[in-house]
Amino acid sequence: MPPQNDTAVDADDAELEALGYVPSFKREFSNLATISFAFSIMGLCSSVATTFNTPLLTGGPASVTWCWILGATMCFTLGTSIAEIVSAFPTAGGLYTASAKLVPAKQRPIVGWVVGWLNILGQVAGISSTEFGLSNMIWAAVVVGRDGNYEVTNGKIVGLFAGLLVFHGLLNCLATRYLARFTTSFVFVNIGATILIIIVLLATTPRSEMHSGAYVFGSEGTINGTGGWPTGLAFLFGLLSVQWTMTDYDATAHISEEVKRAAYAAPAAIFIAVIGTGLLGWLLNIVLVLCSGPFENLPGASGSAFLEIMALRMGKAGALVLWVLVCFTAFFVVQTALQACSRTVYAFSRDHGLPDRGFFGKIHRLTGTPINAIVGTTVFSILPGFLQFASPAAANAIFSLTAMALDISYIIPIFLRRVYGNHPEVTFKPGPFYLGDGLLGWAVNINCICWVLFVSVIFALPTVLPITPQNMNYASVITGSVVILALIWYVIDGRRHYKGPVSNLHEKQFHDVDQDTSSEDVKDIKERVQVTP
């Protein structure tokens, strides 16, 4: 009788072949490692630390608390809708592959092309913004450690940012089994650091110095810091923190070819991570506001309101010790995000969606990982960091860009599944995680689509008035430019070689032939075989 794990892997590989792909990765990710991966891609405490200034300084403390729970609730409907599609299409291409398979044959190339480029843009921006945030977090710790007597220049920020990305690229070149073992511990650091910060903040803040409920949840905590936008809009700018934190849901899908029982484990991990991050994140934000001290003292010399609150309550030494855990969490986010993005680049290259002649769509023999795609993703992710030299506001646009591009790429397949659900050329075979075609499934899907369109408009707006070249929000400009250029490129050249996600099962046939045929005969066979998409 074969071992249970081997049976599960065989079933996963059979399902992948049914979707049209040869298994190329080793399935080394267990259920725990997959859940850890899903939690780590959100990086709760580090993501809140990176974006905490935006809701606090634009809409006030009440914006921090209410926007989080509002956004988390809506993100739950989006995450659930994505988990449903991931369960049906557990491939490295993720929602990019699913989108093309959910439309009639004639529309597959253009849909796959747009979703692929949007998804890669969002993932690259996510890697870049998280690493950029980590660089700023490390320098903020130096400023606090030097009691504010330290100057952080753009060169220092970008230099550390680039160095960290190169290190992450090297780590991701390891074999899948090492990545799986490494990832398993991430969830404990992520959740443990968050809970520890909550406990220590509450323990070190005198009851008399805690803010009132009206400040945390009510009108006393509504402070318009935008310089001219209506207070209601200023309040909604606080959604950036939760939307940026709770995104990249489909990252787990991109490693699904490396996950055991992927149709079950990948969507379950997304579902669990969204609920856990949403609830624990709300508690963290409430405690931060409750213990935040005088509003006028924030964000402080370090530029990080999160760190300044910790230093106020725990003392410099205590704050810096816990800050190390926060930085480690951000480090883990980049590690998992880069792994997921490299798999998307690999899948898109494999389908001839990149002008690389399949260079990024290769698996290295020794490691069993797409090293070419990893290197390419690392280089691509470094480029947005140079926006810091142009303007800090331009660099901060990559945070809005991440949520905007990724979330739009997510709702496209959700929308298409409903529109073409009964089309004769579209076959949607539900996976184990399925919302159904009843009222619940429709309500969840429609809600998340409307929500993404709503927040995308907010994220396209500059958060401060009057608008200048220095504070302009370039997220919509970058996103729109990439989509327009991608469409122009598709019309001019892309449509000639890109036909949508393409089956590579012929590679398995060639491999089987290789076992019993001479190299000359194999070459002759490959020249005569015409592979159709």
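The values are calculated or read from the model by the stated rules, or taken from the named source; none is laboratory data. What you see is a predicted model, and the numbers here were worked out from it, not measured in a lab. For neighbour counting, all protein chains shown are included, and Cβ atoms are generated from backbone atoms with ideal geometry for every residue, glycine included. Heavy atoms of the whole protein, side chains included, go into the accessibility calculation; ligands, DNA and RNA do not. Shrake-Rupley method; radii C 1.70, N 1.55, O 1.52, S 1.80 Å.
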Legend entry - Index of the failed condition, residue 42 passing every other in (1) closer than 17 Å to residue 133 by Cβ; (2) open to solvent by 10 Å² or more (accessible area, probe 1.4 Å); (3) not polar (S, T, N, Q): (2)
Legend entry - Long-range neighbours under 6 Å by Cβ, at least six apart or interchain, first residue in contact (Cβ under 8 Å) with a residue 12 or more places away in the chain within segment 448-466, second of a type in the set (Asp, Glu) and surrounded by 21 or more Cβ atoms within 10 Å (Cβ to Cβ): 452/407
Inset, instruction - Sort out which residues of segment 284-314 are open to solvent by 10 Å² or more (accessible area, probe 1.4 Å) and not in a loop (DSSP other than H, G, I, E, B), and write them in order of number. - result: 286, 290, 295, 296, 297, 308, 311, 312, 313, 314
Legend entry - Elements of type helices (runs of 4 or more DSSP H) in segment 369-421, at least 3 residues being within 20 Å of residue 92 (Cα to Cα) and small (Gly, Ala, Ser): 371-382
Inset, instruction - Being over 19 Å from residue 256 (Cβ atoms) and among the aromatic types (Phe, Trp, Tyr) is the filter here, so list the residues in segment 319-359 that pass it. - result: 323, 328, 331, 332, 359
Legend entry - Residue among 142, 103, 114 that is modelled with pLDDT of 90 or more, open to solvent by 10 Å² or more (accessible area, probe 1.4 Å) and closer than 27 Å to residue 434 by Cβ: 114
Inset, instruction - Please go through segment 148-193 and pick out each residue that is among the hydroxyl-bearing types (Ser, Thr, Tyr) and either touching a Cys at 6+ places or on another chain (Cβ under 6 Å) or farther than 24 Å from residue 47 by Cβ (or both). - result: 150, 153, 176, 178
Inset, instruction - Could you pull out the residue among 251, 269, 180, 273 that is in contact with a strand residue (DSSP E or B) (Cβ under 7 Å, 6 or more places away or on another chain), buried (at least 21 other Cβ atoms within 10 Å of the Cβ) and either closer than 23 Å to residue 330 by Cβ or among the hydrophobic types (A, V, I, L, M, F, W, C) (or both)? - result: 180
Legend entry - In segment 197-210, residue farthest from the chain's Cα centre (by Cα) [restricted to those that are in contact (Cβ under 8 Å) with a residue 12 or more places away in the chain and part of a helix (DSSP H, G or I)]: 209
Legend entry - Answer from 32, 16, 57 - the residue that is open to solvent by less than 10 Å² (accessible area, probe 1.4 Å) and in a helix (DSSP H, G or I): 16
Inset, instruction - Looking at (1) over 27 Å from residue 431 (Cα atoms); (2) assigned to a helix (DSSP H, G or I); (3) open to solvent by 10 Å² or more (accessible area, probe 1.4 Å), find the lone condition where residue 281 falls short. - result: (3)
Legend entry - Answer residue from segment 345-368, given it is part of a helix (DSSP H, G or I) and out of contact with any Phe, Trp or Tyr (no Cβ under 7 Å at 6 or more places or on another chain) and is most open to solvent (accessible area, probe 1.4 Å) among those: 359
Inset, instruction - Please find, among 124, 142, the residue that is touching a residue at least 24 places away in the same chain (Cβ under 8 Å) and not basic (Lys, Arg). - result: 124
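Could you tell me whether residue 478 is in contact with a Leu (Cβ under 6 Å, 6 or more places away or on another chain), surrounded by fewer than 22 Cβ atoms within 10 Å (Cβ to Cβ) and either at pLDDT 90 or above or within 30 Å of residue 53 (Cβ to Cβ) (or both)?
yes
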Inset, instruction - Of all residues in segment 407-418, count the ones that are open to solvent by less than 10 Å² (accessible area, probe 1.4 Å) and under 14 Å from residue 453 (Cβ atoms). - result: 4
Legend entry - Near pairs, Cβ below 6 angstrom, 6+ apart or cross-chain, from segment 480-499 (closer than 12 Å to residue 111 by Cα) to any residue that is not in a helix (DSSP H, G or I): 498/352; 498/353; 499/533
Legend entry - Residue under evaluation residue 203, criteria (1) under 28 Å from residue 367 (Cα atoms); (2) hydrophobic (A, V, I, L, M, F, W, C); (3) open to solvent by 50 Å² or more (accessible area, probe 1.4 Å), criterion not met: (1)
Inset, instruction - Working only within segment 360-393, note down all residues that are modelled with pLDDT of 85 or more and in contact with a Ser or Thr (Cβ under 7 Å, 6 or more places away or on another chain). - result: 360, 361, 363, 369, 370, 373, 374, 377, 381, 384, 385
Legend entry - Cβ pairs under 9 Å, 6+ apart, first in segment 230-247 and without any contact (Cβ under 8 Å) to a residue 60 or more places away in the chain, second in a helix (DSSP H, G or I) and open to solvent by 40 Å² or more (accessible area, probe 1.4 Å): none
Legend entry - Looking only at segment 429-440, and only at residues there that are open to solvent by less than 40 Å² (accessible area, probe 1.4 Å) and in contact (Cβ under 8 Å) with a residue 12 or more places away in the chain, the one that is farthest from residue 102 (Cα to Cα): 435
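Could you tell me whether any residue of segment 77-88 is at positive phi, open to solvent by 10 Å² or more (accessible area, probe 1.4 Å) and not aromatic (Phe, Trp, Tyr)?
Checked against the condition, which is being at positive phi, open to solvent by 10 Å² or more (accessible area, probe 1.4 Å) and not aromatic (Phe, Trp, Tyr), segment 77-88 yields no hits at all.
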Inset, instruction - Please go through segment 329-380 and pick out each residue that is of a type in the set (A, V, I, L, M, F, W, C) and closer than 17 Å to residue 161 by Cβ. - result: 330, 331, 332, 333, 334, 337, 338, 341, 379, 380
Legend entry - Yes/no for residue 130 being within 18 Å of the chain's Cα centre (by Cα) and open to solvent by 10 Å² or more (accessible area, probe 1.4 Å): yes
